[in-house]
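Novice: The structure's right below; bear with me while I get my questions together.
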Amino acid sequence: MENCKTDCIERPLALAFAKLGCFVGRHPCVFLLLTMCVAVFFGAGFKFLKERESNDIEDQFTPVNGPAKLERAIVVENFPQSEEFSQLQLASEGTYASLIITGLHGKSILTEAAFNEIIELDRQVKSLETGNTFENLCAKTKGRCMSNAILDMLNYNATKVDSLTLTYPMNNGTFLGTSIGGVELKPDGSKISSAKAVRLFYFLDEEKINENSDWLNGFLKLLSNYTEQKMVHVSYFTSVSRQKELETNSDSVIPLFSLTYFLAITISVLSCLRLDCVRTKVWVATFGVLSAGVGVDDMFIMISCWQKTEVNKDVEVRLAETYKEAGVSITITTLTDVLAFYIGLLTPFRSVQSFCMYTSTALLFCYVFNITFFGACLALNGRREKGNRHWLTCMKVPEATGDDNVCCVGGAYDKDTHKEFDMPMESFFKNYYGPFLTRVWVKALVCLIYAGYLAVSIYGCFQMQEGLNLKHLAADGSYVGDYYDNEDEFFSDFGPNVMLVIKNEHFQYWNPTARKSLDLCLEHFQNLTMVDPDIPPISWLHIYTQFGLKARFDVDNEAQFKSHLTAFLNHSGFSQDVNFTNNHIHASRMFVQTVNIRTAIDEKNMLNAFRETAEKCGKLQTPVDLIVFHPAFIYFDQYAVIISNTIQNIFVATCAMLVISLLLIPNPLCSIWVTFSIASVIVGVAGFMALWDVSLDSVSMINLVICIGFSVDFSAHISYAFVSSEKSSANEKATDAISKLGYPIVQGAVSTIAGVVVLAAAKSYIFRTFFKIMFLVILFGAVHGIIFIPVFLTFLGTCCKSQEKKKQNLTEHSDMIACTQLVSQNKCPDSIN
């Protein structure tokens, strides 16, 4: 009954494709012109490509509605940027340039000679003019440009460095953790003995957007031409560097795409090449690659099916048989591919959404062009073959008498079967590989190899690292990478200084019980492993209560608390940390310093711990309703969704593909094997990519979506060929399926890998990741298609009753005879029953 239900869809669809093939074979020129007109019409859309570009890193590579973006909106609403600049209180990264200066050969940077060069470099940066000076553009505090604490302590005099005594990380109330790195302390445990790096920041006024851009470009030009000094090494960075490098990355890989197309066409042509000057498929392969654009395995399937038809039949009939044999198979793979990419739209990353939208649409057009444009090319090539014309000159040549042709004769075919001679690789799969694979001991060995593959893959999955390292958005050897490397090496002891924002406007700061609850909340944060217990939170409320004791007013009294608050905030520097308007505190914030945030795992754990602690504070006896925020959390949010979203996409796509397979493959058990193959390939790719140093991030997530789609292709083709085979035993069916599709699968795999292998030489992590995952997807997909799945299918038995199959074959044979008769009468069938 289940087979009958499936046949009700699969068989009429196959016969509909036969009708379409007959029609395309009858009017190839119409389809060629029509598809080319469609291509030109839609190709005009390239005119709008520039204005549709979206390269913003935050927009593309962070979750669309990530919690940190909502938290930032709360911060911006309650604490608008003041004219008095404070790096600590920024709701964004800010607009800035930065230098990390290290001592050569690992020597201490705290020497007079080194600081002479540092101070000179600082002078050059500040004197840089690009239509505006740094003095005009800088972010100011109390009317003066924001300066660097370490240079202020020396009063810009390098001779004072030897006599300077610094405590670390706090020096007279100034935090030096982000300014001095690679620190070694004296035996007393607090004073600096030596340091290997100094970091300088040059913040600009964010409102002067155009002027800032010019100055930052000038800064990059100055530092790119800056020669190595005698005592120090300089790495540099700006707030726009990541964006610029990402855009440069895309441009740098464009030349590789021309090589990709050349390799794809060359390998496709070579794999379809015959010595027979009539039967060779040079032009068909060339136009097949141009038609497809994305993947050429469907082209190879259609060519293979064409070569299995009888050469003395009319072109229309041969194309009808080709479409009938290949149409359902390529429809299954196209539907599953497109569906996988459309499901990818559910992800919260715009980069993934854009990729999935473009790719799914491209695959739909590739499918349509395959059954129209490429079918028309196949028909025209068939007419050339039927006229026994040379593939290059189109001149008639003498008919060959055997398979050992020379360039001046051609058109040879097997006189017994009336079909083209098998290509050497097709003969190998039919006569040697298929029978070898179906031997009992070989099957046992394949199962053993598969168990090993699965074990290594699962192990790799547990080694998976999460998160996108922002330096990977820059090219190898970029100044951005050098800066990030130095930052990781010398400035990873201290992490973000995290805001704790009390957003409850009804919180009673003057109430001792409420303050005690807030103190308990802060204590919870201080007890976290990633918070430095020796650095107390920066709390305006603690200082205000101390101020109240000294000024002798009652901070427990609401009226007195509020009456003195404005004056305190203005004189203490906390005016940006309390939203106090209309005699009401709408929100306030405090800061907690984190430590030892060195890896993506540390970032994930810190984010989760802070948010869990904030939730815990909201459940105290006197609830403290607060949020935690730092600009870096915008990027850390990826950790909260990357794994769950990837699993969701894989699960939904796999279920959807199971439904499609059940509908179109005429055996439920074989459909389940196809679904199993999808899951198996995905597990393999995920595990091996982890072992190949590829992290799970928004970039690799794009490629895993590709994996979901492409992993089904080869297995679906083999499974459909298996259940459609007229052979009686399972082993014979497997051999028949491999003999028909083994070589096309190898052709598709080799041509696709050749198309992406050039990206292995790219200097960009994004494109190298694409190569790695595509290589694994195609490799594992092909191995499943020609090794694992054929063996596993033989365990199912015959998959369908031979009597039913024989009856169906007789019906379909009569359909094709009817088609042949109608073609001879100069018309295509209106219907095929």
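Novice: Can you list which of the DSSP-assigned H helices in the chain have a Cα extent of 24 Å or more along the long axis and an average Kyte-Doolittle score of at least -0.5?
Specialist: 2-26, 241-271, 315-343, 350-369, 440-461, 638-664, 668-691, 730-757, 765-783
Novice: Follow-up question, since we're still on this one. Taking the inverse of the average 1/r across all pairs of different Cα atoms in region 162-282, what Kirkwood radius in Å do you get?
Specialist: After inverting the mean inverse Cα-Cα distance, the result is 20.5 Å.
Novice: log10 I(q)/I(0), Debye, Cα-only region 1-136, no solvent, q = 0.09 Å⁻¹?
Specialist: The Cα Debye sum returns log10 ratios of -0.72.
Novice: Antiparallel versus total DSSP beta bridges in the chain: what percent is that, nearest 5?
Specialist: 95
Novice: Quick one, can you get me the convex hull of the C-alpha atoms of region 54-205 expressed as volume per residue in Å³?
Specialist: About 178 Å³ per residue, rounded to a whole number.
Novice: Compute the semi-axes of the equivalent ellipsoid of region 441-543, taking the square root of 5 times each eigenvalue of the Cα gyration tensor, and list them largest first in whole Å.
Specialist: With the √(5λ) rule applied to region 441-543, the semi-axes are 49, 24, 12 Å.
Novice: Before rounding to the nearest 500, sum -39500 (n - 2.57) across all DSSP H runs of length at least 4 in the chain and divide by the residue total; then give [θ] at 222 nm in deg cm²/dmol.
Specialist: Rounded to the nearest 500, the figure is -18500 deg cm²/dmol.
Novice: For the chain, give the magnitude of the charge dipole about the Cα centre (Cβ charges: +1 Lys/Arg, -1 Asp/Glu; no others), in debye to the nearest 20.
Specialist: Rounded to the nearest 20 debye, it is 2080 debye.
Novice: Over 21 Å apart: what share of the alpha carbon pairs of region 635-782 falls there, rounded to a whole percent?
Specialist: Tail of P(r) above 21 Å: 49 percent of Cα pairs.
Novice: Region 43-91: Rg/Rh from Cα coordinates, Kirkwood Rh?
Specialist: A ratio of 1.21.
Novice: Now a separate question. Given 10 Å bins starting at zero, what is the percent of C-alpha pairs of region 728-800 in each, up to the one with the largest pair distance?
Specialist: Here the calculated profile for region 728-800 is 20, 37, 23, 14, 6, 0.
Novice: What's the percent breakdown of Cα-Cα distances in region 304-404 across 10 Å bins, shortest bin first?
Specialist: It works out to 13, 32, 24, 17, 10, 4, 0, in whole percents.
Novice: What is the P(r) of region 274-337, as percent of Cα-Cα pairs per 10 Å bin from 0?
Specialist: 20, 49, 28, 3
Novice: Scattering from the C-alpha atoms of region 561-713 alone, worked out with Debye: what is log10 I(q)/I(0) at q = 0.18 1/Å?
Specialist: -1.10
Novice: What share of Cα pairs, in percent, lie more than 22 angstrom apart in region 214-344?
Specialist: The answer is 62 percent, as a whole percent.
Novice: Separate question: Carbon and sulfur atoms: what percent of the 1.4 Å accessible area of the chain do they account for?
Specialist: Summing carbon and sulfur atoms, their accessible area is 59 percent of the total for the chain.
Novice: Find the all-direction average of the projected area of the Cα convex hull for region 370-488, expressing the result in square nanometres with one decimal place.
Specialist: Over every viewing direction, the Cα hull of region 370-488 projects on average to 16.6 nm².
Novice: Follow-up question, since we're still on this one. Distance from the Cα centre of region 133-209 to that of region 726-776, in angstrom?
Specialist: 56
Novice: Further question on the same structure: Using just the alpha carbons, could you tell me how many Å³ per residue the convex hull of region 340-394 encloses?
Specialist: Expressed per residue, the convex hull around the Cα atoms of region 340-394 is 79 Å³.
Novice: What whole-number value in cubic angstrom gives the convex hull volume per residue for the C-alpha atoms of region 700-744?
Specialist: 69
Novice: Taking Cα centroids, how far is region 585-629 from region 512-535 in Å?
Specialist: Cα centroid to Cα centroid, the span is 10 Å.
Novice: Moving on. Take the Cα radius of gyration of region 72-145 and divide it by 2.2 N^0.38 Å, with N its residue count; two decimals is plenty.
Specialist: It is 1.47.
Novice: Separate question: Where the eigenvalues come from the Cα gyration tensor of region 306-355, what are the semi-axes √(5λ) of the equivalent ellipsoid, largest first, in whole Å?
Specialist: 39, 8, 6
Novice: Another question about this same structure. Might you work out the accessible area of TYR459 for me, using a 1.4 Å probe with all protein chains in place, and round it to the nearest 10 Å²?
Specialist: Only protein atoms counted, so the area is about 130 Å².
Novice: Quick one: what do you get for region 128-185 if you divide its Cα Rg by 2.2 N^0.38 Å?
Specialist: Dividing the Cα radius of gyration by 2.2 N^0.38 Å gives 1.39.
Novice: Also: Regarding the chain, what is the average projected area of its C-alpha convex hull, in nm²?
Specialist: So the Cα hull casts an average projection of 44.8 nm².
Novice: How large are Rg and Dmax for region 541-632 when calculated on the C-alpha trace, in angstrom?
Specialist: 16.5, 49
Novice: Still on this structure: Rolling a 1.4 angstrom probe over the protein heavy atoms, how many square angstrom per residue are accessible across the chain?
Specialist: Here the per-residue accessible area is 44 Å².
The values are calculated or read from the model by the stated rules, or taken from the named source; none is laboratory data. Here the structure is a predicted model, which is why all the values come from computation and not from measurement. Virtual Cβ from ideal backbone geometry, glycine too; neighbours counted across all protein chains shown. Only protein heavy atoms, including side chains, enter the accessible area calculation; ligands, DNA and RNA are left aside. Shrake-Rupley method; radii C 1.70, N 1.55, O 1.52, S 1.80 Å.
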